Amino acid sequence: MKCMSKTVFALIGVTYYVLTIVTVVIILNLINKKEHKKYERLINNLEREKNLIVSANILSELNKVEPLLSNSDSKDLYLEWQRRFKKIKDEEVPRITDELLEIEELFNNRSYKELKTKIADIELDICYIKTKSNYLLDEIKSITLSEEKNRSTITKLKASYRDILNNYNQNKESFLLVSSPMELQFENVDKLFNAFEVSMEHNAYQEVGKIVKAIDDTIGNLKIVIEEAPSIILLGQKIIPNKINHILKIREKMEGEGYNLKFLNLDYNITEANKKIQDIFQRLNVLNLEDSIFELKTILDFFETTENDFDKERLAKKIFEDYSRTILIKITKLNKINNDLYKKIDDIKFSYDLTESDVNVISEIHDNLKKLRDKYDEVISLQRTKKSYYTKLSKELEVINLNLTKTEEKLEHALRTIGSLKEDELRAREQLDEIKEILLKSKKNIRDYKLPIVPENYFIELSEATDAINEMIKVLENTPISIKILNTRLDTARDLVFKVFNTSKEIVKTAKMAEMAIVYGNRYRYNKEADKNLTKAEIAFYKGNFKNSLENAISAINLIEPGIYKRLMEEYQ
């Protein structure tokens, strides 16, 4: 059994091995067969491309061109074409044939590596020879098809020429300035048409091409002249001169109204424009219209822009006049305010503890206003002497006005700063009187009730409040006054005085309630505990400990009237 098992396994292994080899062989054969077919297809394509190199069209066109030759130059050209065709047919195509035979041998031997390189080389050779063949065919056709092609071109050119002549004859008045050169060109075109017919009769096809081109160029130029010459003449003789005269009239009127228009440099620009127009018309006489319309429109645009500059100058004058009035009023007003402030600066410095920047800003404003006034006077002087133009002057006044507004803001800030110092001083003096009054009320509260003894904390607080008031008075009496210190002293004095006032009210209120509670509780002295508490209350009262006195008196009453303690304490609170 064991021996049989080993034999089965061996047979299975051999079977798998054989199957694997067979599969590999089949796959390799399929790949080889596919590659074989690919190269076979490529070789067939090359053979077909080779056969198409020598086209029957070349022989046909050569046969057509032979009867058309009428001079030695044409015959030489024909012989050259034959030589090139013979070389392609008898030398280059056979060489390709030999190379294809080599490829077939490599293909049969299945030398695919060499075959691939050789096929690429032959493809390039075939492409090169085919290009030469096609180029030769095109050259021959340029003669064989020239009559038909040239006749078609000449027919179209004659139609264009008739349109040009009709346009010219119908609008001769528009072309009076260029009638002589145009009619001369018409004669040239007629001569060229005649020359074309003569050349065609003699089969001088090389000469025909040159004549057709000359006719095409001449008619093309005449078409441009027909389309653009009337506009050029109209612009150069009427529109632009009229625009210049209009501008000169505006300038004369505005200069009479006091405007300085030298910055526009009009005389120079008009002279240059006239020179350019003269040059354009000189070129027009030889029918050279290149860029003429563009140049004339540029000149016209310039003078239209100049007219806009006149409008800007008029607007600038209005702006200038508005600014000149408002600036003068504003600068005069600010100068008056600042001069008054500048004169009082020493007194203000003496009265108040100003910072260096607060003092300097007033001097800066004074200097700025002086500079702005000088600049303003300079601009006004330029306007009066007509040494500048309003567009520039109005911008300068605009800058002055902007700087003046900034200076005005600085001045207003300085005035607010100084004004707030005075307000703080006045407010402090008013509040000093108020807190003195409150302190007097506090003392009066204590005096009016006739307390057996005044608690010590009242006198401490009274002393602190009095000292704070005195410190505040010292600050107000000092020169210069430091508003910052004054405000601090004012806040301190006010807080301490209110503290004294509240303390005096509390003392009197507590003493009154304690006294009332003792008097009310005397009716319950029959009770030993109540009597004891009332006695403590009396002792505390005469020692000035009114809160303790009140608590003891209420406790005594509470023994007889439960709940009285809570009600009286709520009343006290």
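The values are calculated or read from the model by the stated rules, or taken from the named source; none is laboratory data. No experiment lies behind these values; they were computed from the predicted model shown. In this analysis, Cβ positions are derived from the backbone assuming ideal geometry, glycine residues included, and neighbour counts consider all displayed protein chains.
Condition check for residue 193 on (1) at pLDDT below 80; (2) within 30 Å of residue 280 (Cα to Cα): one failure, at (2).
If I ask for residues that are touching an Asp or Glu at 6+ places or on another chain (Cβ under 8 Å), charged (D, E, K, R) and assigned to a helix (DSSP H, G or I), which ones from the range 516-555 would you list? The answer is none; no residue qualifies. In the range 283-323, of all residues being touching a helix residue (DSSP H, G or I) at 6+ places or on another chain (Cβ under 6 Å) and among the aromatic types (Phe, Trp, Tyr), the one that is nearest to residue 230 (Cα to Cα) corresponds to 303.
Quick grid of which residues meet (1) at pLDDT below 90; (2) under 35 Å from the mean Cα position of the chain (by Cα):
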{"residue": "258", "(1), (2)": "yes, no"}
{"residue": "263", "(1), (2)": "yes, yes"}
{"residue": "276", "(1), (2)": "no, no"}
{"residue": "282", "(1), (2)": "yes, no"}
{"residue": "285", "(1), (2)": "yes, no"}
{"residue": "291", "(1), (2)": "yes, no"}
{"residue": "301", "(1), (2)": "no, yes"}
{"residue": "309", "(1), (2)": "yes, yes"}
{"residue": "313", "(1), (2)": "yes, yes"}
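Report yes if some residue within the range 501-514 is closer than 30 Å to residue 433 by Cβ, part of a helix (DSSP H, G or I) and of a type in the set (Gly, Ala, Ser); otherwise report no. Yes, the range 501-514 has at least one match. Residue-level check: of (1) in contact (Cβ under 8 Å) with a residue 12 or more places away in the chain; (2) under 30 Å from residue 314 (Cα atoms), residue 241 misses just (1).
Screening residue 560 on (1) crowded, with 18+ Cβ neighbours inside 10 Å; (2) in contact with a Phe, Trp or Tyr (Cβ under 6 Å, 6 or more places away or on another chain); (3) over 28 Å from residue 447 (Cβ atoms) shows it passes everything except condition (1). Residues of the range 345-382 that are of a type outside the set (A, V, I, L, M, F, W, C), modelled with pLDDT under 85 and either surrounded by 13 or more Cβ atoms within 10 Å (Cβ to Cβ) or closer than 29 Å to residue 318 by Cα (or both): 349, 351, 352, 353, 358, 364, 366. Residues that are closer than 22 Å to residue 40 by Cα, small (Gly, Ala, Ser) and at pLDDT below 75 within the range 108-155 comprise just one, 111. Tallying residues that are small (Gly, Ala, Ser) and either in contact with a Lys or Arg (Cβ under 7 Å, 6 or more places away or on another chain) or part of a loop (DSSP other than H, G, I, E, B) (or both) within the range 228-286 yields 1. Please verify whether residue 296 is under 30 Å from residue 162 (Cα atoms), surrounded by 15 or more Cβ atoms within 10 Å (Cβ to Cβ) and touching a Leu at 6+ places or on another chain (Cβ under 7 Å), treating the condition exactly as stated. When the stated conditions are applied, residue 296 passes them. Residues of the range 218-243 that are surrounded by 18 or more Cβ atoms within 10 Å (Cβ to Cβ), aliphatic (A, V, I, L, M) and within 42 Å of the chain's Cα centre (by Cα): 232, 235, 240.
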